[in-house]
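This report concerns only the one structure given below.
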């Protein structure tokens, strides 16, 4: 938990409503920001927003609303404020001078949570790069220090290491981190190549943060990955082998949750991790069926997948948290191939989901009915490496194989095909 001295940070959240937004959308975003602040260890004492025609370039808000927030700071004994959007360096400086308090934005809070949640070497590098890029744009002069916030939310990660914030030093550090990340990416590429050679299909779990992705992976794999009812409870991707009902194996990967207003530079920092989604054979889009913002959450996930170039993958909508869902039906508004209602927590309908994965995989595979002469043992080895043999029978003429193989590898065995 983040604290300043012995006192938890008491924060006021503020946002704006543009002509393109409804009041409900603004409150939903502020409510989500409140959850982010709580996850980071802060306490929210008040939430306000202002309806505007355009964002104030100098102060984000109008002067009247700034004065209102200043009064609220004194009235609630708040220790800081948080904007629901990413503030420009000038807006942040001007608000700090006018409000005479610590000013943060949504990006700082998300980065702070990520800094506290990253466990792997890659995750820590990605978070540090994102923080450095964020701070690089906020240097007002040579020698400015990150310690101006005096601790609390927004100061975890490289800030704790008292890094010099001179632009040149930050750029050198970013360059060094890029090199380290490339080495890790090479290792991931090797792992990916081995997976492709093994022929084991890959399933990627995606979804809005706190939709239940890690709990779902635990339910279908029997593992005990850390899962908590908080935003971004899991940051580092986790892969587990899962056996489908017919006996074949798939690799299932959990990924970091998506969220509205996720900063572009943060997506860029985590691109190498998210890129795993591009190489998946199937995507499980986990949807919190009990969420009041189910439509907007689906749109944000779909937009992020589109940005990653992974929106055309075979997709199953996993309608989760049905144990607490009180409606009649769930409205799926994004393109999917099928949908399954589950409760990852109670493991309801998990077998049905596994069967659906199995069926969808068959559409991307070529069915085989082969008779392999005994002298062509190398073809048999090829099938073991690249296909799934559900039936294998030794006959007088050779080995009978029935199963599935990737369509782009079928050409190697098609000459041995026999009628079903």
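For this structure, a couple of remarks:
- Pair list, Cβ under 6 Å, 6 or more apart: segment 293-322 residue not assigned by TED's automatic domain parsing to the domain that holds residue 31 and surrounded by fewer than 18 Cβ atoms within 10 Å (Cβ to Cβ), other residue assigned to a strand (DSSP E or B) and modelled with pLDDT of 90 or more: 314/282
- Count of segment 277-290 residues which are surrounded by fewer than 19 Cβ atoms within 10 Å (Cβ to Cβ) and modelled with pLDDT of 90 or more: 1
- If the condition is being without any contact (Cβ under 8 Å) to a residue 40 or more places away in the chain and buried (at least 19 other Cβ atoms within 10 Å of the Cβ), then segment 333-348 contributes 340, 343.
- Check on residue 204, surrounded by 22 or more Cβ atoms within 10 Å (Cβ to Cβ), at pLDDT 85 or above and either part of a loop (DSSP other than H, G, I, E, B) or outside the structural domain of residue 266 (by TED's automatic domain parsing) (or both): no
- Whenever a residue of segment 214-225 is closer than 16 Å to residue 355 by Cα, its partners that are part of a helix (DSSP H, G or I), lying with C-beta atoms within less than 6 angstrom and at least six residues away or across chains, give the pairs 219/350; 220/350.
- Filtered by the rule that a residue be in contact with a strand residue (DSSP E or B) (Cβ under 8 Å, 6 or more places away or on another chain), outside any helix (DSSP H, G or I) and either farther than 30 Å from residue 238 by Cα or assigned by TED's automatic domain parsing to the domain that holds residue 137 (or both), segment 89-121 gives 101, 102, 103, 104.
- Residue within segment 391-402 that is in contact with a helix residue (DSSP H, G or I) (Cβ under 8 Å, 6 or more places away or on another chain) and not assigned by TED's automatic domain parsing to the domain that holds residue 280 present: yes
- Pick from segment 365-391, criterion loosely packed, with under 15 Cβ neighbours inside 10 Å and under 27 Å from residue 202 (Cα atoms), ranking: modelled with the lowest pLDDT: 390
- Test: residue in segment 44-56 that is assigned to a helix (DSSP H, G or I) and either modelled with pLDDT of 95 or more or not assigned by TED's automatic domain parsing to the domain that holds residue 138 (or both): no
- Within segment 404-420, the residues that satisfy the criterion of being modelled with pLDDT under 85 and in a strand (DSSP E or B) are 404, 405, 406.
- Listing of helices (runs of 4 or more DSSP H) fully contained in segment 235-349 that carry 2 or more residues being at negative phi and in contact with a strand residue (DSSP E or B) (Cβ under 6 Å, 6 or more places away or on another chain): 294-307
- Only one entry of 150, 118 meets the criterion of being closer than 30 Å to residue 188 by Cβ and modelled with pLDDT under 85, and that entry is 118.
The values are calculated or read from the model by the stated rules, or taken from the named source; none is laboratory data. Keep in mind it's a predicted model, so treat the numbers as computed, not measured. All Cβ positions, glycine included, derive from the backbone under ideal geometry; neighbour counts span all protein chains shown.
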